[in-house]
Each structure stands twice: as structure tokens, then as C-alpha cells.
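Shown next, in C-alpha cells, is the structure this report addresses.
Values quoted throughout were computed directly from the atomic coordinates according to the rules given, and no laboratory measurement underlies them. All figures in this text were calculated on a predicted structure; none of them were measured in a lab. Cβ atoms come from the backbone with ideal geometry, glycine included; neighbour counts cover every protein chain shown.
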Amino acid sequence: MHALTIAGRELRALFVSPVAYVVLTLWSVIAGTFFLASLIGFQERMMQLQQFQMLQQIQETNLNDQLIEPFIGSMWVILLFLLPAVTMGLVSSEKANGTEELLLTSPISIWDIVLGKFLAGSGFVFVMTAIIAFFPMLLFVYGEPELGKTVSGLVCLLLVSMTYVAVGVFASSVTRSQLIAFVLTLVLLVMLGLMLPFLVDITLAGSGVGRDSGISQVVQWIATGSHVDRMLRGLVDTADLAYFAISSAVFLLLSKAVIESARWR
């Protein structure tokens with residue numbers, strides 16, 4: 001109950017600040033631009049196939065594979081750079097405004113505080129996901145995309161967004177500076193989302209250890225990319241769902257430990 005109260009307060013605070021509207025405006029403009037570019041590219045490809053009478057390729061062309069999947073995948077990458085602006089003040093603002101001590105001495109558990117901040121961020125990314133959902137829904141009016149794959153891609157975007165919110169809550173809990181929280185969140189998200197497999201491949205290249213080694217497989221599992229790729233293709237695996245749940249739980253536990261340490265200082 002306390003967590004929901006905190007979540008409601010934080011969500012209202014987000015929409016009072018100009019940051020939320022700047023992020024949502026940028027998100028919507030970038031999404032519209034990417035979707036329009038993908039749509040034009042898809043149309044040009046279809047025209048070329050018709051021009052050369054490549055009927056088999058036309059029949060095999062899929063709206064999800066050629067348009068929706070790349071679009072949602074592109075927005076996942078954009079998320080890495082916009083989401084830190086949303087989460088940077090979730091905990092650090094309490095420290096900067098001097099309200100952290102009041103919050104910690106109130107009859108509210110640390111978990112209520114952490115979950116309240118997390119739920120507020122999750123509510124915001126739900127709005128962001130709803131904006132993205134608008135564009136594929138347009139295709140159902142004029143075409144016949146696969147509903148299952150489309151829903152899987154949108155659920156994937158929501159789950160990865162919530163996981164990144166948990167990362168942002170942790171980053172925001174370790175500092176009173178929103179700028180530092182922004183940079184730390186950005187670094188963590190880029191590492192988790194894009195850089196980990198690349199860095200491991202470079203590191204293992206000269207060591208004689210193959211990509212099938214235990215270290216490589218563990219890092220591949222920790223990285224977000226492989227889980228996102230499978231769900232964007234419509235492959236919903238319990239292992240991928242468990243990844244998002246475990247990753248969120250780990251960062252929320254770390255956030256709890258950091259905030260709890262402040263109570264005893």
C-alpha cells in the first residue's frame with residue numbers, strides 16, 4: 001500500500017517536471033521518424049519485387065520481419081539513451097532536496113520506498129510503450145501483420161524498459177547528483193544492452209577461448225541483446241522472462257542495500 005502511494009507521488013512529480021514531456025516528445029518524434037522511414041523502405045522493396053515479377057519473394061515478405069521487428073528493435077536502442085533522464089531523479093532528488101532523512105525515519109519500509117520508485121518508473125515506461133504500440137496498430141488497419149509477433153515485440157519492449165528502470169533506481173540511489181545518476185545509468189545500460197558481448201569477444205579473441213566457453217555464455221546471458229532479439233522474433237521463452245525478472249530483482253536488491261545503508265549512517 002505504501003509502495004503504491006509513493007509510486008503515485010513520484011509519477012505525479014515526473015509529469016510536473018518538464019523532463020517527462022521532453023522525453024515523451026523526443027520519444028514520439030523519433031518513433032514516428034523511424035516508423036515512417038521503415039514504412040517507406042518496405043514500400044520501395046515491395047515495388048522493386050513487383051517490378052521484377054519476383055512473386056515468390058513477395059509472398060514470403062512479412063510485415064513483422066521486415067518492418068515491425070526492426071522498428072521496435074531500433075526503439076529499444078533509443079531507450080538506452082532516453083531512459084536515464086527519467087530515472088536519474090527517482091532517489092537522488094530525495095538526497096538533493098533533503099527529504100531523504102524524513103523518508104527514512106517515517107514508518108515506511110525500505111522495500112516500500114524501492115518498489116514505489118520502481119513502480120513509478122514502470123508506469124512511465126508503460127506510457128512510452130503505449131506510444132510505440134500506436135504505430136504497429138496502424139498496420140492492422142491497412143495490412144495483416146501477425147498479432148502474436150507484434151504483441152511479443154511490445155511486451156519485450158515493456159519488460160526490458162522495466163528492467164532498465166530497476167537499473168536506473170540503483171544508479172540514482174548511490175548519488176545525490178542527478179547528472180551523475182544519469183551518466184551512471186547510461187553507462188550501465190549501454191554495457192548491458194550493447195557492449196558486454198562485444199567486449200568479451202575482443203577479450204577472448206587472443207586467449208584461445210571460444211565463444212562456446214562458460215564465461216562467454218554467462219556474459220551472453222547477462223547481456224540484454226540476445227533476449228530482446230528472440231522476443232522480437234516472436235519466441236517467448238521462460239528463460240528470457242526469467243532473465244528480466246532476475247535482473248530487475250538484483251538491481252532492486254542493490255538499491256535496497258544502498259538506501260538501507262543510509263539509514264544506519
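Under 29 Å from the Cα of Lys95, which lysines turn up, not counting those fewer than eight places away in the same chain? Correct list for Lys95: Lys117, Lys256. Per-peptide packing, taken as the mean over residues of other Cβ atoms within 10 Å, places 72-79, 114-121 in the sequence 114-121, 72-79 from highest down.
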